[in-house]
Amino acid sequence: MSRLELLPAVDVRDGQAVRLVKGASGTETSFGEPLAAALAWQSAGAEWLHLVDLDAAFGTGSNRELVRGITETLDIKVELSGGIRDDASLAAALATGCTRVNLGTAALESPDWVAKVIAEHGDRIAVGLDVIGTTLRGRGWTSEGGQLFEVLARLDAEGCARYVVTDVNRDGTLTGPNLQLLRDVCAATDRPVVASGGVSSLDDLVAIAGLVGEGVEGAIVGKALYEQKFTLGEALEAVSG
Ligand SMILES: O=C(O)c1ccccc1N[C@@H]1O[C@H](COP(=O)(O)O)[C@@H](O)[C@H]1O
């Protein structure tokens, strides 16, 4: 059985690496310079970085140059998200050399465009399914965007390669992942799932790793790393199987 991939997160707002609580604008805790954070995760053994331009996701601006610089500087794989909603923003994101992009709002508001870019770019496109209950959220998690399992079925039919599933109410709260949500999504699709939201401990990561056989491929870890609940080395060791 495969090992769970870990994706440390760097979310950028106003040029700083931040963590939010439940994705709410205004709840930022700053953790300094984003490139320094990204390089620290790379040095600690990360194989992936989950990189989010929060200003682009919220519609409050852009950290495009900063994000591009991080992606170009790192040697590891980068999953890039936030504000990728049209041809121009997708082209700019893919041109950074990131391994894949993660589309959120566009998958809810521009289904024809998303079907087109899935067909064009295949595995380089993932879709973020950010949910409260089973209701999807878009535009910085401020707007409702339909029902999880309906949208998932549509994206599956269009050939979407992978989903990043976030329980918004767990994100940044250190209250543990929503394992039942992950199980339910895995039962509804044969595509790999990346878990996001709530990780607080090595036990949480071991619990997510227990879902690899059901289709969970990776886990995004944010606040727990920044608040030193464990080190990335410990996390990698815990999921090494
Ligand atoms: O990651 C967060 O903490 C977050 C908080 C609030 C809104 C979005 C957030 N992250 C990610 O942003 C992209 C979606 O961006 P868009 O809708 O495509 O512009 C997605 O990866 C979210 O998980």
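The values are calculated or read from the model by the stated rules, or taken from the named source; none is laboratory data. Small disclaimer: the values here were computed from a predicted structure and weren't measured. Glycine also receives a Cβ, built like all others from the backbone with ideal geometry; neighbour counts cover every protein chain displayed. Heavy atoms of the whole protein, side chains included, go into the accessibility calculation; ligands, DNA and RNA do not. Shrake-Rupley method; radii C 1.70, N 1.55, O 1.52, S 1.80 Å.
Screening the candidates Asp130, Asp203 for the property of being in contact with a strand residue (DSSP E or B) (Cβ under 9 Å, 6 or more places away or on another chain), charged (D, E, K, R) and under 20 Å from Leu7 (Cβ atoms) yields one hit, Asp130.
If the condition is being of a type in the set (A, V, I, L, M, F, W, C), in a helix (DSSP H, G or I) and away from the ligand (no atom under 11 Å from the Cβ), then the range 62-90 contributes Leu66, Val67, Ile70, Ala88. Pairs linking a residue in the range 97-125 that is farther than 21 Å from Leu66 by Cα and touching a residue at least 40 places away in the same chain (Cβ under 8 Å) to a residue that is within 16 Å of the ligand (Cβ to nearest atom) and open to solvent by 30 Å² or more (accessible area, probe 1.4 Å), with Cβ atoms under 7 Å and 6 or more positions apart or on different chains, are Thr105/Arg85; Thr105/Arg139; Leu108/Gly146.
What tally of residues in the range 3-16 results from selecting those that are over 17 Å from Asn102 (Cα atoms) and either surrounded by fewer than 22 Cβ atoms within 10 Å (Cβ to Cβ) or without any contact (Cβ under 8 Å) to a residue 24 or more places away in the chain (or both)? First the steps, then the outcome.
Narrowing the range 3-16 to residues over 17 Å from Asn102 (Cα atoms): 3-4, 13-16.
Retained after the next criterion (residues that are either surrounded by fewer than 22 Cβ atoms within 10 Å (Cβ to Cβ) or without any contact (Cβ under 8 Å) to a residue 24 or more places away in the chain (or both)): 3, 14-16.
Qualifying residue count, the range 3-16: 4.
Inclusion of Arg19 among residues that are closer than 23 Å to Val199 by Cα and of a type in the set (D, E, K, R) is warranted. In the range 25-37, the qualifying residues are those that are assigned to a loop (DSSP other than H, G, I, E, B) and touching a residue at least 24 places away in the same chain (Cβ under 8 Å), and the one that is nearest to Gly218 (Cα to Cα) is Phe31.
Can you spot a residue in the range 39-61 that is open to solvent by 20 Å² or more (accessible area, probe 1.4 Å), in contact with a Lys or Arg (Cβ under 7 Å, 6 or more places away or on another chain) and either more than 20 Å from Trp141 (Cβ to Cβ) or away from the ligand (no atom under 15 Å from the Cβ) (or both)? Checked against the condition, which is being open to solvent by 20 Å² or more (accessible area, probe 1.4 Å), in contact with a Lys or Arg (Cβ under 7 Å, 6 or more places away or on another chain) and either more than 20 Å from Trp141 (Cβ to Cβ) or away from the ligand (no atom under 15 Å from the Cβ) (or both), the range 39-61 yields at least one hit. Put simply, of Ala40, Ala56, Ala93 the only residue that is assigned to a helix (DSSP H, G or I) and in contact (Cβ under 8 Å) with a residue 24 or more places away in the chain is Ala56.
Take Ser30 and decide whether it is open to solvent by 60 Å² or more (accessible area, probe 1.4 Å) and in contact with a helix residue (DSSP H, G or I) (Cβ under 6 Å, 6 or more places away or on another chain). Steps first, answer last, please.
On the way: open to solvent by 60 Å² or more (accessible area, probe 1.4 Å): yes; in contact with a helix residue (DSSP H, G or I) (Cβ under 6 Å, 6 or more places away or on another chain): no.
The answer is no for Ser30.
Only one residue in Ala95, Ala88 is of a type outside the set (Lys, Arg) and closer than 24 Å to Trp41 by Cα, so which one is that?
Numbers: Ala88 fails: closer than 24 Å to Trp41 by Cα.
Sole residue among the options that is of a type outside the set (Lys, Arg) and closer than 24 Å to Trp41 by Cα: Ala95.
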